[in-house]
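First the structure, in the form of structure tokens, and then the observations on it.
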Amino acid sequence: MTKNSNNQSEWPLWEVFYQPKDGKPFEHAGSVHAADAEMAMQNARDTYARRSEGIAIWVVPSDQITASTTEDEEPFFDPANDKPYRHPQFYSTPRAVKKRK
Amino acid sequence: MTEEEKREAFQERIDNGEKIEPKDWMPDRYRQQLIRMMSQHAHSEIVGMLPEGNWITRAPSLKRKMVLLAKVQDEAGHGMYLYSATETLGVRRKDLIEDYLYGSAKYSSIFNYPTLTFADICVIGWLVDGAAIVNQTMLAKSSYGPYSRANIRICREESFHKKQGYEMLAKMADGTPEQQKMAQDAVNRWWWPTLMMFGPHDEDSPNSEELIKWGVKTKTNDELRQDFVDRTVMEAKAIGITLPDSELKYNEETGHWNFGEIPWDEFWSVIKGDGPMNRERMKARRKAYEKGEWVREAAMEYARKQKLKEEKAS
């Protein structure tokens with residue numbers, strides 16, 4: 001690569017989340033580059049919410065997010081499988097009760 | 001797991017229709033192919049703003065000016081979604097952009113053609129965005145999660161682009177003899193370059209087989225091109241526009257429209273950088289990037305000072 005590569009400056013990366021509707025959970029939209037939080041909000045709005053996709057936006061510096069890794073996937077989420085009693089299907093209901101429904 | 005076992009497990013996930021996410025293991029070649037393809041797609045969206053931006057001040061009415069402004073803004077947005085998705089593969093956006101401005105990264109051949117009249121803007125919406133939708137609808141099913149999601153979003157917006165172009169062209173084709181001539185002339189000039197957008201014939205496309213095996217693409221260049229021709233022939237008829245191909249003929253057996261041979265020599269020369277507008281487009285992009293340098297620096301400096309001020313105040 002040539003030209004400006006000696007200049008390392010690039011605006012930091014921010015992850016963008018938006019709430020589609022009142023009462024709905026926030027969803028990840030993608031990311032934007034911005035010099036500060038205020039600009040990140042502006043860029044997030046311009047990039048991901050031009051057609052009223054949401055009613056609220058969060059921006060988070062990407063390097064502030066701690067995430068699970070794929071290698072962790074099994075041990076990390078597995079315990080649920082040996083606790084079937086956490087699910088309602090684990091319990092039986094008398095036939096008569098079911099019928100009434 | 002050995003490398004070979006990992007590859008097998010990966011292929012199995014693809015064959016089961018699972019999506020690959022940024023932190024998942026993936027073959028190097030899969031990552032490289034995605035970076036190449038996704039950044040090329042992003043560059044194309046950004047270059048695409050140039051031929052259209054050129055007509056914003058000269059749009060025939062306030063309504064058309066507003067529509068065109070919104071469309072050009074969308075193209076910028078599409079470029080940003082795609083750059084953002086490409087960055088999930090562990091590359092810096094700055095490097096992607098510089099590899100394109102000063103290196104070897106490519107963009108779609110279609111943006112190397114000039115827009116001579118406003119009818120070209122109508123035709124770009126109808127044909128070029130129409131072709132882009134066919135391609136991006138397929139890519140919305142891509143095996144790489146972030147790429148698939150970016151394309152879903154893009155497709156939702158792209159149908160506005162296509163419809164506004166088709167509507168404008170229909171109006172022009174229904175106008176004065178002079179307007180009709182202008183509309184037909186633009187279609188004549190854009191038809192073949194649009195068919196080239198799908199890329200070379202399958203047998204001449206070095207990456208296709210691998211991309212399909214990995215579910216990055218789900219249809220071949222020729223299949224997509226045929227889809228596009230089939231749907232466009234009817235749309236042309238409906239507004240009294242002729243497509244400049246004497247071999248265009250409905251094939252009763254296949255249920256598809258046969259069409260003539262694409263001028264491949266022209267395609268390859270545009271790809272190699274010798275299209276009518278290649279040099280101008282690259283020059284405009286480099287100029288924008290270099291002249292924008294101080295803005296990027298100033299914003300960082302402003303953010304730094306604001307932060308200092310806040311720290312002092314607290």
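Tell me, yes or no, whether region B:134-144 has at least one residue that is without any contact (Cβ under 8 Å) to a residue 24 or more places away in the chain and of a type in the set (S, T, N, Q). The answer is yes, given that some residue of region B:134-144 is without any contact (Cβ under 8 Å) to a residue 24 or more places away in the chain and of a type in the set (S, T, N, Q). Looking at region B:85-92, is at least one residue modelled with pLDDT of 95 or more and away from chain A (no Cβ under 14 Å)? Among the residues of region B:85-92, not one is modelled with pLDDT of 95 or more and away from chain A (no Cβ under 14 Å), which makes the answer no. When B:74, B:120 are screened for being at the interface with another protein chain (Cβ under 9 Å from one of its Cβ atoms), open to solvent by less than 10 Å² (accessible area, probe 1.4 Å) and in contact (Cβ under 8 Å) with a residue 60 or more places away in the chain, only B:74 passes. When region B:258-267 is filtered for residues that are touching a Leu at 6+ places or on another chain (Cβ under 6 Å) and open to solvent by less than 40 Å² (accessible area, probe 1.4 Å), only B:262 remains.
Only a single criterion out of (1) within 14 Å of another protein chain (Cβ to nearest Cβ); (2) within 28 Å of residue B:63 (Cα to Cα); (3) more than 16 Å from the chain's Cα centre (by Cα); (4) polar (S, T, N, Q) is not satisfied by residue B:115, namely (1). The set of residues from region B:130-150 being within 12 Å of another protein chain (Cβ to nearest Cβ) and buried (at least 20 other Cβ atoms within 10 Å of the Cβ) comprises B:146, B:147, B:150. Run down B:230, B:222, B:174, B:202 and say which single residue is of a type outside the set (A, V, I, L, M), closer than 22 Å to residue B:59 by Cβ and surrounded by fewer than 18 Cβ atoms within 10 Å (Cβ to Cβ). Answer to the selection: B:174.
Kindly indicate whether any position in region A:8-16 is more than 18 Å from residue B:307 (Cα to Cα) and at pLDDT below 95. The answer is yes; a qualifying residue exists. When residues in region B:51-93 are screened for being in a helix (DSSP H, G or I) and closer than 20 Å to residue B:148 by Cα, 15 of them pass. For residue B:203, the requirement of being over 27 Å from residue B:18 (Cα atoms), in contact with a Cys (Cβ under 9 Å, 6 or more places away or on another chain) and in a helix (DSSP H, G or I) is not met. Look at (1) in a helix (DSSP H, G or I); (2) under 18 Å from the mean Cα position of the chain (by Cα) and you find that residue B:231 fails only one, number (2).
This table checks each residue for (1) small (Gly, Ala, Ser); (2) out of contact with any helix residue (DSSP H, G or I) (no Cβ under 7 Å at 6 or more places or on another chain); (3) away from chain A (no Cβ under 14 Å); (4) closer than 21 Å to residue A:9 by Cβ.
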{"site": "B:266", "(1), (2), (3), (4)": "no, yes, yes, no"}
{"site": "B:277", "(1), (2), (3), (4)": "no, no, yes, no"}
{"site": "B:280", "(1), (2), (3), (4)": "no, yes, yes, no"}
{"site": "B:290", "(1), (2), (3), (4)": "no, yes, no, yes"}
{"site": "B:303", "(1), (2), (3), (4)": "yes, yes, no, yes"}
{"site": "B:313", "(1), (2), (3), (4)": "yes, yes, yes, no"}
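For region B:13-49, filtering for residues that are more than 30 Å from residue B:111 (Cβ to Cβ), more than 14 Å from every other protein chain (Cβ to nearest Cβ) and open to solvent by less than 30 Å² (accessible area, probe 1.4 Å) leaves 2. When region A:27-71 is limited to residues that are surrounded by 12 or more Cβ atoms within 10 Å (Cβ to Cβ) and among the acidic types (Asp, Glu), the one that is farthest from the other protein chains (Cβ to nearest Cβ) turns out to be A:27. Within region B:268-295, the residues that satisfy the criterion of being open to solvent by 70 Å² or more (accessible area, probe 1.4 Å) and basic (Lys, Arg) are B:272, B:279, B:283, B:286, B:287, B:291.
The values are calculated or read from the model by the stated rules, or taken from the named source; none is laboratory data. Remember, predicted model here, so these are calculated numbers, not experimental data. Note that each Cβ is placed from the backbone with ideal geometry, even for glycine, and that neighbours are counted across all protein chains shown. Keep in mind that these areas ignore ligands, DNA and RNA; they rest on the heavy atoms of the full protein, side chains included. Shrake-Rupley method; radii C 1.70, N 1.55, O 1.52, S 1.80 Å.
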